[in-house]
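The values are calculated or read from the model by the stated rules, or taken from the named source; none is laboratory data. What you see is a predicted model; the values in this text were computed from it and never measured. So basically every Cβ, Gly included, is an ideal-geometry build from the backbone, and we count neighbours across all protein chains shown. Each accessible area value is taken on the protein alone, full model and side chains, heavy atoms only, with ligands, DNA and RNA left out. Shrake-Rupley method; radii C 1.70, N 1.55, O 1.52, S 1.80 Å.
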Amino acid sequence: MKYTVVPALNDEEFGEKAADVFLRALGSFEKTPSVVLPTGNTPLPFFAVLRERAQSQALRPFNSLQLDEYLGLPDGDARLFSRWLAHEVLDPLKISSRMIFNSAADPSEEVNRIKAWHALNGAMDLAVIGIGENGHVGFNEPGAKFDHRANIVTLSGQTIEANTSYGRGDVPRKAITLGIGDLRRAYETILLVRGERKAEILAKAMLGEVTTDIPASYLQQQPRLTIVADTAALSKMPRDIIFK
Ligand code: F6R
């Protein structure tokens, strides 16, 4: 196995360890790195530690790239991932360089704009991602091709239900996501996983067949991957992988 697993006993340790791994990765790039960050529940302790550290030390700036966004929401809507991420981490860290998706734009024009942007700017340096219980990454739902670039997706019922837990109102049915084809080109990847309900899919994604049925299984082929996960999420991973 080529990847490194960083286990954490609880949310606090998860946040600290994820921040350590992230800041070390940021510091390893010569130029200001381009970075994808996920929204969702998983990264919250990690973002909390970044906010805390930003108060006592100057953190390395980065160019933030949006990973995914619901479609059809107006500016300022509480459900917007761009707004969530801004509030949780980008504003507190004073990250001003942001490539944001426009939820209210014409979807196919917006996808073309995002694709053109990525074609012009090349591969991202660092992808920090979460995983859905169905194995999705970003909004790449099961079946998404590994060479897909930015595209419009219809969210699965399972994803809509999971995201209802964010408590921000009705979950839109359509979204834009960077494709696995974009994420695969990242120089370095950090996967964040928390909670027992992710244990089974994490083990399947990392130990099973590499298949589009489990989009996150592409991670097995990433050259530089670190998994930061709590012990509940790691409960179905063999000990020799965790403690190499
Ligand atoms: C969010 C995203 C999703 C989440 C995944 C896990 O931007 O891209 O793939 O990372 O659904 O969500 P949580 O962390 O809420 O369990």
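Data overview
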| item | result |
| --- | --- |
| Those strands (runs of 3 or more DSSP E) lying entirely in the range 1-78 with at least 1 residues away from the ligand (no atom under 16 Å from the Cβ), open to solvent by 10 Å² or more (accessible area, probe 1.4 Å) and within 24 Å of LYS115 (Cβ to Cβ) | 34-36, 63-65 |
| Tally of residues being open to solvent by 10 Å² or more (accessible area, probe 1.4 Å) and closer than 14 Å to TYR3 by Cβ across the range 223-233 | 3 |
| Test result for SER82, more than 23 Å from VAL228 (Cα to Cα), more than 16 Å from the ligand (Cβ to nearest atom) and of a type in the set (Ser, Thr, Tyr) | no |
| Filtered residues of the range 185-219 (kept if within 16 Å of LEU126 (Cα to Cα) and open to solvent by 50 Å² or more (accessible area, probe 1.4 Å)) | ARG185, TYR187 |
| Whichever residue in the range 138-179 is in a loop (DSSP other than H, G, I, E, B) and among the basic types (Lys, Arg) and, among such residues, is farthest from ILE100 (Cα to Cα) | LYS145 |
| Pair list, Cβ under 6 Å, 6 or more apart: the range 163-180 residue farther than 27 Å from ASN112 by Cβ and without any contact (Cβ under 8 Å) to a residue 40 or more places away in the chain, other residue within 12 Å of the ligand (Cβ to nearest atom) and of a type outside the set (Phe, Trp, Tyr) | THR164/VAL171 |
| Criterion (within 10 Å of the ligand (Cβ to nearest atom) and β-branched (Val, Ile, Thr)) met by exactly one of THR154, THR164, THR159 | THR159 |
| Any hit, the range 171-178, residues being within 12 Å of the ligand (Cβ to nearest atom) and either on the phi > 0 side of the Ramachandran plot or surrounded by fewer than 21 Cβ atoms within 10 Å (Cβ to Cβ) (or both) | yes |
| Residue that is nearest to the ligand (Cβ to nearest atom) [pool: residues in the range 190-230 that are assigned to a helix (DSSP H, G or I) and among the acidic types (Asp, Glu)] | GLU196 |
| Test: residue in the range 122-129 that is within 30 Å of GLU209 (Cβ to Cβ), touching a Ser or Thr at 6+ places or on another chain (Cβ under 6 Å), within 16 Å of the ligand (Cβ to nearest atom) and part of a loop (DSSP other than H, G, I, E, B) | yes |
